[in-house]
Amino acid sequence: MNLTLCGSIAFINEMDALRQELEALGHTVKMPPMQERIGENGEHISAEEYYAHKKAAGTDLNHWIWKHHGDCITTHFQKVEWADAVVILNLDKNNIAGYVGPNTLMEMGLAFHQQKPIFLMNPIPQISYFEELIGMKPTVINGDLSLIA
């Protein structure tokens, strides 16, 4: 299958390991980039650095990160559109077991709208938008990659 991985950029290294496992099973996989191209010179920073800049920018709407962030969202939406299904790497974050953040929620919504299967690596988190997550009818695989079919 053509799969797109979704999840918090805080999980980028775990996402890359999951990509490798899925590719070893014969899937073609896209995921967020390990590096982002930024600045007028097109310099690259790691996904971890990008994430740190995003957190540090806070609500400063003039920060360069917010000018770039919309492009990142659009690029990942294109990966969701390309895929046969999405796999959500929902690990623990912010004291929430199986965290699904706002960007991931949007990506799941796009997959749902396009009637694509949504696979959650871990159980649906107890979060304020729990009902929306349930409504998208994800398949919780509890880490069992053989259930992706």
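The values are calculated or read from the model by the stated rules, or taken from the named source; none is laboratory data. The shown structure was predicted, so the numbers you read here are calculated from the model rather than taken from an experiment. Here the Cβ positions follow ideal geometry from the backbone for every residue, glycine too, while neighbour counts run over all protein chains shown.
Data table
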| item | result |
| --- | --- |
| Selection from the range 134-149 of residues that are among the aliphatic types (A, V, I, L, M), touching a strand residue (DSSP E or B) at 6+ places or on another chain (Cβ under 8 Å) and not in a loop (DSSP other than H, G, I, E, B) | 140, 147 |
| Qualifying positions in the range 71-87 - closer than 15 Å to residue 9 by Cα and in a strand (DSSP E or B) | 87 |
| First in the range 42-69 and over 18 Å from residue 101 (Cα atoms), second anywhere and surrounded by 11 or more Cβ atoms within 10 Å (Cβ to Cβ) and among the polar types (S, T, N, Q), Cβ under 8 Å, 6 or more apart | 44/35; 45/35; 46/35 |
| Looking only at the range 31-70, and only at residues there that are crowded, with 17+ Cβ neighbours inside 10 Å and part of a strand (DSSP E or B), the one that is modelled with the lowest pLDDT | 38 |
| Only one of 113, 27 that is more than 13 Å from the chain's Cα centre (by Cα), farther than 20 Å from residue 10 by Cβ and loosely packed, with under 13 Cβ neighbours inside 10 Å | 113 |
| Lone unmet requirement of (1) of a type outside the set (Val, Ile, Thr); (2) over 17 Å from the mean Cα position of the chain (by Cα); (3) under 16 Å from residue 85 (Cα atoms); (4) at pLDDT 95 or above for residue 131 | (3) |
| Some residue of the range 5-16 being part of a loop (DSSP other than H, G, I, E, B) and either exposed (fewer than 13 other Cβ atoms within 10 Å of the Cβ) or of a type in the set (Ser, Thr, Tyr) (or both) | yes |
| Condition check for residue 77: crowded, with 19+ Cβ neighbours inside 10 Å, under 13 Å from the mean Cα position of the chain (by Cα) and of a type in the set (Phe, Trp, Tyr) | no |
| Residue among 103, 90 that is under 21 Å from residue 31 (Cα atoms) and assigned to a loop (DSSP other than H, G, I, E, B) | 90 |
| Where a residue in the range 102-127 is more than 16 Å from residue 74 (Cβ to Cβ) and its partner, wherever it lies, is in a helix (DSSP H, G or I) and of a type in the set (A, V, I, L, M, F, W, C), with Cβ under 7 Å and at least six apart | 118/108; 118/111; 118/112; 124/130; 124/133; 124/134 |
